[in-house]
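> The structure is given below, and queries will be raised subsequently.
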Amino acid sequence: MSITKICCIGAGYVGGPTMSVIAQKCPHIQVTVVDLNEARIAAWNNPDVNKIPVYEPGLADVVAEARGRNLFFSMDADKAIDAAEMIFISVNTPTKTYGAGKGQAADLRYIELCARQIARVAKQDKIVIEKSTLPVRTASSIKSILDHVGNGVQFQILSNPEFLAEGTAVADLHQPDRILIGGDNTTTEGRAALEALVEIYAHWVPRERILTTNVWSSELSKLTANAFLAQRVSSINALSELCEQTGANINEISRAIGTDSRIGPKFLKASVGFGGSCFQKDILNLVYIARSYGLHEVAHYWEQVIIMNDHQKSRFAKKIVRTLYNTVSGKKIAFLGWAFKKDTNDTRESAAIYVADELLAEQAVITVYDPRVPAGQVYADLDYLKSRAADENRDLVKVAADPYEAMKEAHAVAILTEWDEFRTYNWQHVYDVMLKPAFVFDGRGIVNREALEQIGFHLYRIGSGE
Ligand SMILES: NC(=O)C1=CN([C@@H]2O[C@H](COP(=O)(O)OP(=O)(O)OC[C@H]3O[C@@H](n4cnc5c(N)ncnc54)[C@H](O)[C@@H]3O)[C@@H](O)[C@H]2O)C=CC1
Ligand SMILES: O=C(O)[C@H]1O[C@H](OP(=O)(O)OP(=O)(O)OC[C@H]2O[C@@H](n3ccc(=O)[nH]c3=O)[C@H](O)[C@@H]2O)[C@H](O)[C@@H](O)[C@@H]1O
């Protein structure tokens, strides 16, 4: 089966970049990305390609190459679904905030809406692909809806989880470690669907990197991969606290253990805590699934990864309060970084939000500088917590367009994101304009200890007991 038209439902951080790269690499396939969010679609269609809604290094060039040629962003989902032979579902699957499983299970209502829409619109056989991260066995729910609501049309369901990381999405999509496709290879139609998707990726990904499994393994591999990655961060963060007590240095430990080829060097960077839309959500989901099968030890084991991460964020905030003579009331603290990692404008579950919330509860006054995050997003993130009135968030938190302005007359600077530019600031100038004693709390381990201490700063760095 040769695919000529693809539709993707969901033009977010995954749908947008993923489909842009498929369109770039497969100019013979027409790719239409649809979304309910009108502003988002308008932004993807912005004639100024630098104003697309997702900031990712290299993405604007990919969009510029394919958009209008074989890549389209549209609000007309019915039309795109009807025309496509292959439909990716790439909508959000956040943690449930209501009912059974509240705070843990994945909220699948958007997935179900997509399945019902596809069933309603489809007039010819379709391949439906789970691109969103989903609990194991979701494909059977999608299939049930499609088979019972659809009008006799045949659907093949594949699982094709996405492993890109934000900030490196384009590089990850161009050269993935692997592509994972779960499908039913026990039937002729199932095998044909699997092969159709393999064919698409094979335009730029070596075949040996395209793995096929059964659907359930594919769904569960995605949750497992994120759980393993997050577990490494929590493990190194747990030890960062012990380093601070003992005079050991977490960077040296990461280097020492990372050279063991069985451990490997990646994901061993101690931090103020992992953020992002997925690690916490996916582990909570894994915990919920394990518990729903009565596997309490399994659930408890993975839950520790989250507990450790919450502790890491909280102890950073507490360290600031303790160091500033046990009170930050009315004191200006400058935040360098608000995004959950560098090279992205995404702030979902960013450690900065929770550190800020804890300091605001102590009546601190915060000025935020982030090279990519606009003021409106900072306030939206704080308002979402409902810890205090929106007016109070605006009174206590300011967002600066200039980093030196943010740090002027501050008691302390807290580094929350590892943006490269923070390393190259004129720290002597920063020292001169800050109140004394001037404190720097480095939650990312990026500044040079000797240089800052020579200038006169008091420096605290995560995982450094020196
Ligand atoms: N953000 C990331 O780096 C990664 C995310 N994932 C997974 O991919 C999925 C999507 O994540 P993101 O792209 O980050 O989410 P997102 O929130 O950025 O985008 C989802 C989009 O789907 C749209 N949408 C929801 N329901 C819809 C419907 N019925 N019809 C049309 N559009 C609809 C929303 O308006 C939104 O624009 C999630 O399951 C996530 O776990 C997987 C790998 C990486
Ligand atoms: O499912 C997803 O959404 C994605 O989640 C992560 O990608 P992402 O969250 O975009 O970014 P990561 O590079 O994994 O970083 C996550 C968080 O961990 C932190 N981190 C990462 C690595 C490290 O050594 N230390 C550390 O604190 C980062 O600062 C960030 O806050 C995974 O890396 C992707 O493979 C996956 O597709």
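FYI, it's all coordinate maths here, none of it is from the lab. What you see is a predicted model, and the numbers here were worked out from it, not measured in a lab. Ideal geometry is used to build each Cβ from the backbone, glycine not excepted, and the neighbour counts take in all protein chains shown.
> Looking at the range 123-154, which trypsin sites (Lys or Arg not before Pro) are DSSP coil and have at most 12 other C-beta atoms within 10 Å of their C-beta?
Lys123, Arg137
> Same structure, new question: 7 Å from Cα along Cα→Cβ at both Arg394 and Ser141: what's the point-to-point distance in nm?
Reported label-point gap for Arg394 and Ser141 is 3.9 nm.
> May I pose another question? Enumerate the aspartates and glutamates that Lys51 could reach by cross-link, defined here as Cα to Cα under 13 Å, with residues fewer than 8 away along the same chain left out.
Asp61
> Students often get this wrong: which residues of the range 42-77 have the backbone nitrogen under 18 Å from the point 7 angstrom along Cα-to-C-beta of Ala401?
51
> Separate question: Only Lys, Arg, Asp and Glu count, each charged at its Cβ (+1, +1, -1, -1), so figure out the dipole size of the chain about its Cα centre, rounded to 20 debye.
440 debye
> On the first, second and third principal axes, largest extent first, how far apart are the outermost C-alpha atoms of the range 350-466 in Å?
42, 28, 26
> Of the options Thr187, Thr327, Gly456, report the single residue whose Cα projects farthest towards the positive end of the charge dipole of the chain (beta-carbon charges: Lys, Arg +1; Asp, Glu -1).
It is Thr187.
> Which three extents, in angstrom, do the Cα atoms of the chain have along their principal axes, listed largest first?
Extents along the principal axes, in whole Å: 73, 51, 43.
> Just tell me which lysines come within less than 23 Å, Cα to Cα, of Lys331; anything on the same chain fewer than 8 places away is out.
Lys313, Lys318, Lys319, Lys386, Lys398, Lys408, Lys436
> Taking the highest mean first, how do the peptides 213-222, 436-445 order by number of other beta carbon atoms within 10 angstrom per residue?
Highest mean packing first, the order is 436-445, 213-222.
> Continuing with the same structure: Cα to Cα, under 19 Å, and not fewer than 8 places away if on the same chain: which lysines meet these conditions relative to Lys143?
Lys123, Lys126, Lys131
> Just report the Cα centroid separation between the range 197-229 and the range 437-458, whole Å.
After rounding, the separation between the Cα centres reads 43 Å.
> What number comes out for the charge environment of Arg40, summing +1 per Lys or Arg and -1 per Asp or Glu over other residues with Cβ under 14 Å away?
Net charge in that neighbourhood comes out at -2.
> Quote to one decimal, in nm, the extra length available between Asn326 and Leu242 on full extension: 0.36 nm per residue of separation minus the C-alpha distance between them.
Extending this stretch completely gives an extra 28.0 nm.
> May I ask you to list the residues of the range 110-129 whose amide nitrogen lies under 13 Å from a point 7 Å from Cα along the Cα→beta-carbon direction of His148?
116
> Still on this model: So, with +1 on the Cβ of K and R and -1 on the Cβ of D and E, and no other charges, what is the size of the charge dipole of the range 320-466 about its Cα centre, to the nearest 20 debye?
Numbers: 17 positive and 23 negative charges, 39 e Å.
Magnitude of the dipole: close to 180 debye.
> Here's something else I'd like to know. Shape of the range 5-213 from its Cα gyration tensor (a ≥ b ≥ c, root eigenvalues): rounded if a/c is under 1.5, otherwise prolate when a/b > b/c, or oblate?
Values: a/c = 1.36, a/b = 1.21, b/c = 1.13.
Verdict is rounded for the range 5-213.
> Tell me, what are the semi-axes, in whole angstrom and largest first, of the equivalent ellipsoid of the range 114-273 as set by the roots of 5 times the Cα gyration tensor eigenvalues? Display every interim value, and only then the final one.
Numbers: eigenvalues 326, 60, 30 Å².
Over the Cα atoms of the range 114-273, the ellipsoid semi-axes are 40, 17, 12 Å.
> With label points built 7 Å along Cα→Cβ from the Cα atoms of Lys102 and Tyr293, find their separation and express it in nm.
Placing both labels 7 Å beyond Cα along the Cβ direction yields 2.7 nm.
> If each residue of separation counts as 0.36 nm, what is the full-extension length gain between Lys51 and Leu435 once their alpha-carbon separation is subtracted? Can you show the working numbers first?
Details: separation 384, 0.36 × 384 = 138.24 nm, distance 3.78 nm.
Contour length minus Cα-Cα distance gives 134.5 nm.
> Can you tell me the length gained on complete extension of the stretch Glu199 to Asn448, counting 0.36 nm per residue apart and subtracting the Cα distance?
84.8 nm
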